[in-house]
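The structure under discussion appears below in the form of structure tokens.
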Amino acid sequence: MLAGSTVLIVEAEYLVALDLQNSLQASGAGKVILARNPSDALEKADEWMDATLAIVELEADRPQLRAFADLITRAGISVIGLTTDERLAERWPDRPILLKPGLDQHLAEAIRRALDGARARQLAR
């Protein structure tokens, strides 16, 4: 599914990010870039500007995370939201949301949904 693609992970918890990185590499991702927050991600932008997918932590009290996710979506990168807040799925119904913990069991479906959404947006242009 990811077949050598570059993936960006924006997640404050390093162990969660490493777990996702391992799962993504097992799913065929070629390069996985880890960032703790949007500022850190932007500093590393040259490493992930050609990314196929991004997994971005979302928290209700950190609107800059949602703004960053929206920004990179507009740039053509498929985004999966990552959160512990089930209510965020209701606020972002057009994008896949992964709930922490228990990421592995839902990661493949979220990737498929994100990439299918990107294809649909490209066809609509």
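Name the one entry in Leu53, Leu20, Leu58 that is without any contact (Cβ under 8 Å) to a residue 60 or more places away in the chain, surrounded by 15 or more Cβ atoms within 10 Å (Cβ to Cβ) and within 27 Å of Arg87 (Cβ to Cβ). Residue meeting the stated conditions: Leu58. Of the residues Glu47, Glu11, Glu43, Glu59, which single one is of a type in the set (D, E, K, R), modelled with pLDDT of 95 or more and within 14 Å of the chain's Cα centre (by Cα)? Glu11 is the lone residue from the list that is of a type in the set (D, E, K, R), modelled with pLDDT of 95 or more and within 14 Å of the chain's Cα centre (by Cα).
Could you list, in sequence order, the residues of the range 36-58 that are farther than 20 Å from Asp19 by Cα and small (Gly, Ala, Ser)? Ser39, Ala45, listed by residue number.
Among the residues of the range 23-49, those that are of a type in the set (Gly, Ala, Ser), farther than 15 Å from Leu65 by Cβ and free of Cβ contacts under 8 Å to residues at least 24 places away in the same chain comprise Ala26, Ala45. For the range 12-32, does any single residue satisfy the condition of being in contact with a Lys or Arg (Cβ under 7 Å, 6 or more places away or on another chain), over 17 Å from Ile77 (Cβ atoms) and either in a helix (DSSP H, G or I) or of a type in the set (A, V, I, L, M, F, W, C) (or both)? For the range 12-32, residues in contact with a Lys or Arg (Cβ under 7 Å, 6 or more places away or on another chain), over 17 Å from Ile77 (Cβ atoms) and either in a helix (DSSP H, G or I) or of a type in the set (A, V, I, L, M, F, W, C) (or both): present. Within the range 1-16, the set of residues being surrounded by fewer than 20 Cβ atoms within 10 Å (Cβ to Cβ) and aliphatic (A, V, I, L, M) comprises Met1, Leu2, Ala3, Ala12, Leu15, Val16. Restricting to the range 42-58, and then to whatever is outside any loop (DSSP other than H, G, I, E, B) and hydrophobic (A, V, I, L, M, F, W, C), can you tell me which residue is nearest to Lys31 (Cα to Cα)? By that ranking, first place goes to Trp48. For the range 77-116, the tally of residues that are assigned to a helix (DSSP H, G or I) and surrounded by fewer than 18 Cβ atoms within 10 Å (Cβ to Cβ) stands at 12.
The single residue among Asp61, Asp70 that is over 18 Å from Ala17 (Cβ atoms), part of a helix (DSSP H, G or I) and of a type in the set (Asp, Glu) turns out to be Asp70.
The values are calculated or read from the model by the stated rules, or taken from the named source; none is laboratory data. As the structure is a computational prediction, the values presented were derived from the model and not from experiment. Cβ sites come from the backbone with ideal geometry, for glycine too, and all protein chains shown count toward neighbours.
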